[in-house]
Amino acid sequence: MSLEIIQDKCTGCGICLKACPFGSLTLEMRDKLGLPPSKFKRVVLVDVSCNLCGACLPTCKFDAMKLDKPEATAPASPTDAFKGIWVYIEQRGGHIEGVSFELLAKGRDLADQRKTELVGVLLGHEMKGQADTLFAYGADKVILVDHPVLAGFDSDAYADVFSTLVKKYKPEVVLAGGTSIGRTFIPRVAIRVNTGLTADCTGLEIDPKENLLLQTRPAFGGNIMATIICPNHRPQMATVRHKVFKKREPDAQRKGTLIEEVMDVKAGRSKAIEVIREMANEINVAEADIIVSGGRGLGGPDNFKLLFDLAKELGAAVGASRGAVDAGWISSFHQVGQTGKTVCPKLYIACGISGAIQHLVGMSSSDTIVAINKDPHAPIFDVADYAIVGDLTEVVPAMTKVLKGE
Ligand SMILES: Cc1cc2nc3c(=O)[nH]c(=O)nc-3n(C[C@H](O)[C@H](O)[C@H](O)COP(=O)(O)OP(=O)(O)OC[C@H]3O[C@@H](n4cnc5c(N)ncnc54)[C@H](O)[C@@H]3O)c2cc1C
């Protein structure tokens, strides 16, 4: 598998260099490389960072680039042998995480479109009683593997059990939360069942023509949205962060089928020695209905106190831009955005945040956005429902004062 530069044909024009998103192409003098004399002085070199994306190929007018990619390996079973939409039901300490209900809502839509069943897969211990909740949130079936080893997260054991189930039941689609648990073991499952995985999707649809899962996610630092398909392998696997989709109202009348799988589950090689809950006294932005978020416009760590005061009055969580986190003004626990948390509160108050795309992807689906910024042209105002042009050190305390009734 390689990108080959046909040196006789390369004119050293350098146009392909601009097309390479990874800076993997360079120009070098032919005589330096000991190449035979040519009327062209330079030639293109490919370095090890090339990931064979092929973006450079169409730019070469001289047929001087050749990409050898292996044919896609045939799946173990034909793709149409795979049926059903699966959602991995994430639990922590026997409590089902919100992201699982959100995925059941999206999974329900996908299953209806594909005229297939929606299955929740629950790995845990003594959680049988929670199957009814999963039916109420849209599952047609629940596959439960109950074992003491599965009570807490064990990456090896979870990957073993989940991939065994995938091989047995052959689902068409597998969705899981883009959480620390999902991100740890779901890629291992994808490798074991020989399929692809799209991480941190922000959109999932079924292509009505090909019936493929269209998996949309930010790419190239959030500057473009890429839609990824997995045409040759099954299942089509995707992770989605918390709050990207909305959960539906539960219907307590809905009934479903519980399948209890009995397995010999072996504990993995690693063991959790201690669990330390970070910021136990603070509201987690990923769960909050109201967020007061601060950026570099705060000017320093001390002004976060203004946000905590306002948040206290509103019963809100405090969020932050990466700018503020990287400056060391607040911990990454609070970071909202592409490399932080995706949030979807009822109210998001952005204070001194410019509105970079990497921040917007994490919060722009909030119901109501209020932005406070002293620059009237700040991009955050493009997504804001209410724009307050002003100095946050005056505006935020004024808001707190009103809420306190002072
Ligand atoms: C791969 C990658 C991933 C990233 N992931 C994230 C992410 O997850 N989350 C994230 O937030 N960023 C992320 N970033 C960084 C992002 O590109 C921006 O650099 C960052 O969001 C800027 O933070 P900021 O808005 O706080 O700072 P700035 O861009 O510096 O904006 C500060 C704003 O404050 C305003 N201001 C200044 N003083 C005041 C005042 N007194 N009152 C009111 N307004 C004032 C200014 O007008 C300005 O608009 C990522 C970048 C990359 C490359």
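If a/c stays under 1.5 just call it rounded; otherwise compare a/b with b/c (prolate if a/b is bigger, oblate if not). Do that for the stretch 79-260, with a ≥ b ≥ c from the square roots of the Cα gyration tensor eigenvalues. Mind dumping the intermediate values first?
Numbers: a/c = 1.42, a/b = 1.28, b/c = 1.11.
Taking the square roots of the gyration eigenvalues as a ≥ b ≥ c, the stretch 79-260 is rounded.
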Work out from phi, with θ = phi - 60° and the Karplus expression 6.51 cos²θ - 1.76 cosθ + 1.60, the ³J(HN,Hα) of each residue of the stretch 317-331, listed in order in whole Hz, and give x for Gly and Pro.
-> 8, 9, x, 8, 7, 5, x, 5, 5, 5, 6, x, 7, 7, 7
For the stretch 137-205 and the stretch 239-314, distance of Cα centres in Å | 19 Å
What's the extension gain from LYS346 to TYR386 if we count 0.36 nm per residue and subtract their Cα-Cα distance?
-> 13.0 nm
Between THR227 and LYS18, what length in nm is gained on full extension when 0.36 nm per residue of separation is reduced by their alpha carbon distance?
-> 72.9 nm
Report the one residue of GLY94, GLY297, THR400 whose Cα lies farthest in the direction of the positive end of the charge dipole of the chain (charges on C-beta: Lys and Arg +1, Asp and Glu -1; origin at the Cα centre).
-> GLY297
Only helical DSSP H runs with n ≥ 4 go in: add -39500 (n - 2.57) per run for the chain, normalise by residue count and round the 222 nm mean residue ellipticity to 500 deg cm²/dmol.
-> -7000 deg cm²/dmol
If a cysteine in the chain has no other Cys Cβ under 4.7 Å from its own Cβ, put it on the list, ordered by number.
-> CYS10, CYS13, CYS20, CYS50, CYS53, CYS60, CYS201, CYS230, CYS344, CYS351
GluC sites (Glu not before Pro) within the stretch 164-223, DSSP loop, no more than 12 other Cβ atoms inside 10 Å | GLU210
So which lysines pass the test for LYS9, namely a Cα distance under 23 Å, with those fewer than 8 places away in the same chain ruled out?
-> LYS18, LYS32, LYS39, LYS41, LYS61, LYS66, LYS69
Return a whole-number percent for the relative contact order of the stretch 279-406, with Cα pairs under 8 Å and 6 or more residues apart as the contact set.
-> 25 percent
With DNA, RNA and ligands ignored, accessible area of THR179 (1.4 Å probe; Å², nearest 10) | 30 Å²
Of the residues ALA311, ALA219, ALA350, which exhibits the maximal mean-square fluctuation in a Gaussian network model of the chain defined by a 10 Å Cα contact cut-off?
-> ALA219
Find, among the trypsin sites (Lys or Arg not before Pro) in the stretch 172-234, those assigned to loop by DSSP (not H, G, I, E, B) with at most 12 other beta-carbon atoms within 10 angstrom.
-> LYS209
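Kindly rank 328-341, 295-308 from highest to lowest mean number of other beta carbons found within 10 Å of each residue.
Numbers: 328-341: 19.5, 295-308: 17.9.
So the order, starting with the most tightly packed, is 328-341, 295-308.
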Spin-label point model (7 Å from Cα, Cβ direction): what's the ILE191 to ASP8 distance in nm?
-> 4.2 nm
Using 1/(1 + (r/R0)^6) with R0 = 25 angstrom and r between the beta carbons of LYS255 and ARG92, what's the FRET efficiency to the nearest 0.05?
-> 0.40
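Calculate, in nm to one decimal, what HIS125 and LYS39 gain on full extension: separation in residues at 0.36 nm each, minus their alpha carbon distance.
Values: separation 86, 0.36 × 86 = 30.96 nm, distance 7.29 nm.
Contour length minus the Cα-Cα distance gives 23.7 nm.
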Of ASP309, ASP140, ASP382, the most mobile residue in a GNM of the chain (C-alpha springs, cutoff 10 Å) is ASP382
Once you charge only the Cβ atoms, +1 for Lys and Arg and -1 for Asp and Glu, what is the size of the charge dipole of the stretch 207-356 about its Cα centre, to the nearest 20 debye?
-> 320 debye
Carbon and sulfur together cover what percent of the accessible area of the stretch 290-404 at a 1.4 Å probe radius?
-> 52 percent
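Compute the accessible area per residue over the stretch 275-406, keeping the other protein chains in place, probe 1.4 Å, unit Å². Before the final figure, lay out the partial values.
Numbers: 6480 Å² over 132 residues.
Ligands and nucleic acids excluded, the result is 49 Å² per residue.
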Mind listing the phi-derived Karplus ³J(HN,Hα) values for the stretch 358-375, rounded to whole Hz, using 6.51, -1.76 and 1.60 with θ = phi - 60°, and x for any glycine or proline?
-> 5, 7, 4, 4, x, 9, 5, 8, 4, 5, 10, 10, 10, 10, 10, 8, 7, 9
Sorted by accessible area with a 1.4 angstrom probe, largest first, how do MET65, MET237 fall?
-> MET65, MET237
Charge dipole of the chain about the Cα centre (unit charges at C-beta), most positive-ward option of SER321, ASN51, VAL383 | ASN51
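Any idea what the dipole of the chain comes to, in debye rounded to 20, about its Cα centre with Lys/Arg Cβ at +1 and Asp/Glu Cβ at -1? Intermediate values should be presented prior to the final figure.
Working: 47 positive and 48 negative charges, 212 e Å.
Charge dipole of the chain: 1020 debye, to the nearest 20.
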Given labels modelled 7 Å from the Cα in the Cβ direction, how far is it in nm from ARG248 to ASP63?
-> 5.5 nm
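Using the Kyte-Doolittle scale, which helices in the chain average at least 0.0 and also have C-alpha atoms spread 18 Å or more along the helix axis, with helices defined as whole DSSP H runs?
On the way: long enough: 98-114 (24 Å, -0.38); 155-169 (21 Å, -0.07); 180-192 (19 Å, 0.41).
Helices meeting the span and hydropathy rule in the chain are 180-192.
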Could you pull out which residues in the stretch 219-252 have an amide N less than 15 Å from a spot 7 Å beyond the Cα of GLU205, following the Cα-Cβ vector?
-> 225-229
For VAL87, residues with placed amide H under 5 Å, excluding near neighbours = VAL119, GLY120, VAL121, LEU175
Mean accessible surface per residue for the stretch 2-68, computed with a 1.4 Å probe while every protein chain stays in place, in Å² = 63 Å²
If you put +1 on each Lys and Arg Cβ and -1 on each Asp and Glu Cβ, how big is the dipole of the stretch 2-68 around its Cα centre, in Debye rounded to 20?
-> 300 debye
Of the accessible area of the stretch 2-68, computed with a 1.4 Å probe and all protein chains kept, carbon and sulfur make up a percent value of 56 percent
Find which of THR133, LEU122, SER180 sits farthest along the positive direction of the dipole of the stretch 79-260, computed with +1 on the beta-carbon of Lys and Arg, -1 on that of Asp and Glu, about the Cα centre.
-> SER180
Using amide H atoms built 1.01 Å from N in the peptide plane, name the residues 5+ places from GLY294, or on other chains, whose amide H lies under 5 Å from its own.
-> GLY319, ALA320, SER321, CYS351
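The values are calculated or read from the model by the stated rules, or taken from the named source; none is laboratory data. Only a predicted model underlies this, so the values are computations on that prediction, with no experimental measurement involved. As a convention, Cβ positions derive from the backbone with ideal geometry for all residues, glycine included, and neighbour counts pool all protein chains shown. With ligands, DNA and RNA removed, areas are computed over all heavy atoms of the protein, side chains included. Shrake-Rupley method; radii C 1.70, N 1.55, O 1.52, S 1.80 Å.
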